Amino acid sequence: MNLVRPLFPGNLDVIADTHGEIDALHDLLAHLGYRDDGTHPEGRRLVFLGDLTDRGPNSPAVVALVQRFVDAGLAQCVLGNHDLNLLMGERKYDNNWFHGREFFIDGKLVPQALIHDDRTRQAIKDFFRSLPLVLERHDLRIVHACWHDKMVDVARQATDVVELHDRHVRLIDAEVSTQGLDEIDRGLAFQNRNPVKVLTSGMERRVAVPFEASGKVRHEERVPWWNEYVDSVFCVFGHYAAFAGESHGSGRAICLDYAVAKRHRERLEPGFKGTYRGKLAALRFPEKVIVFDDGMTERVSE
């Protein structure tokens, strides 16, 4: 199947980046009214924004649950950048669990379910390889990180995300080899000219002052593309984690990532008593009401 696929008809619940937070996912599904088997009494269905894995306590359980719902025709899911990293064999500071290794922050153990067998690893990679990059219908677009018309059109013609990614790596490598770019601009070329990278982790630009994020010094920043999005079709994305009350898109494009991925750090804070700032969110569509894993709700303002 193509990497841009039709989105379910009917009423949907779009769930943001879950990042291994299985308890938050169960809580959210209960607040949304879903049964344990993934069915809903009103016939609603689920759509996941990707980034099912990393940081949280049980990424394998999240992947297994989402895959079960997808296989049953009760859910759809797009590929996120964290999921892509695992699919492509990219070792990152926060995906040690996939390789059977413990994860530490400032010397403190982050409790996680670890995978120790190649069969389970391959099954997860096979599931991720089966996912689209984009889901769409006449009134709604779903993408993990960035809606970019040109890159979506390229993805429409492709059926294998690994082949699409690697083909563009080769094309970009041939281009930049003659352009005399420094290391930073080379990296930006590989990010901004590859449709798989753009759709799963967005456009980036060079910054004047480097900063540290996700365990390394950054010379690039994310481009807030949603500020320029004016299409009539409503777009829902994740990826750009922010706490409640901070920017979550504008106008016709809204980010659902309310920083549940930061809970692993919150648990390590001195005096932590179980109250989280980071939340897992779902958008009810077409109602445009956001439901959080603690049961709170808010209406989307356009």
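The values are calculated or read from the model by the stated rules, or taken from the named source; none is laboratory data. Please read these numbers as outputs of a predicted model, since none were measured by experiment. Please note that ligands, DNA and RNA were not included when accessible areas were found on the heavy atoms of the full protein model with its side chains. Shrake-Rupley method; radii C 1.70, N 1.55, O 1.52, S 1.80 Å.
Here the chain yields Rg over Rh of 0.95, to two decimals, using C-alpha coordinates and the Kirkwood radius.
In sequence order, the stretch 278-284 has phi-based couplings of x, 10, 9, 10, 9, 9, 7 Hz under the Karplus curve 6.51 cos²θ - 1.76 cosθ + 1.60, θ = phi - 60°, and Gly or Pro positions carry x.
Taking only protein heavy atoms and a 1.4 Å probe, the accessible area of the chain is 49% carbon and sulfur. Around the amide H of ALA259, modelled in the peptide plane, lie the amide H atoms of ALA242, LYS279, all under 5 Å away and 5 or more residues distant in sequence or on another chain.
Under the rule a/c < 1.5 gives rounded, and otherwise a/b versus b/c splits prolate from oblate, where does the stretch 1-43 land using the Cα gyration tensor? Judged from the Cα gyration tensor, the stretch 1-43 comes out oblate (a/c at least 1.5, b/c at or above a/b).
Solvent-accessible surface of the stretch 203-302, averaged per residue with a 1.4 angstrom probe and all protein chains in place: 53 square angstrom.
Note on the stretch 1-89: along the principal axes its Cα atoms extend 39, 32, 18 Å, ordered by decreasing extent. Near ALA253, the amide H atoms lying under 5 Å from its own belong to CYS235; only residues 5 or more places off or on other chains count, and H is placed 1.01 Å from N.
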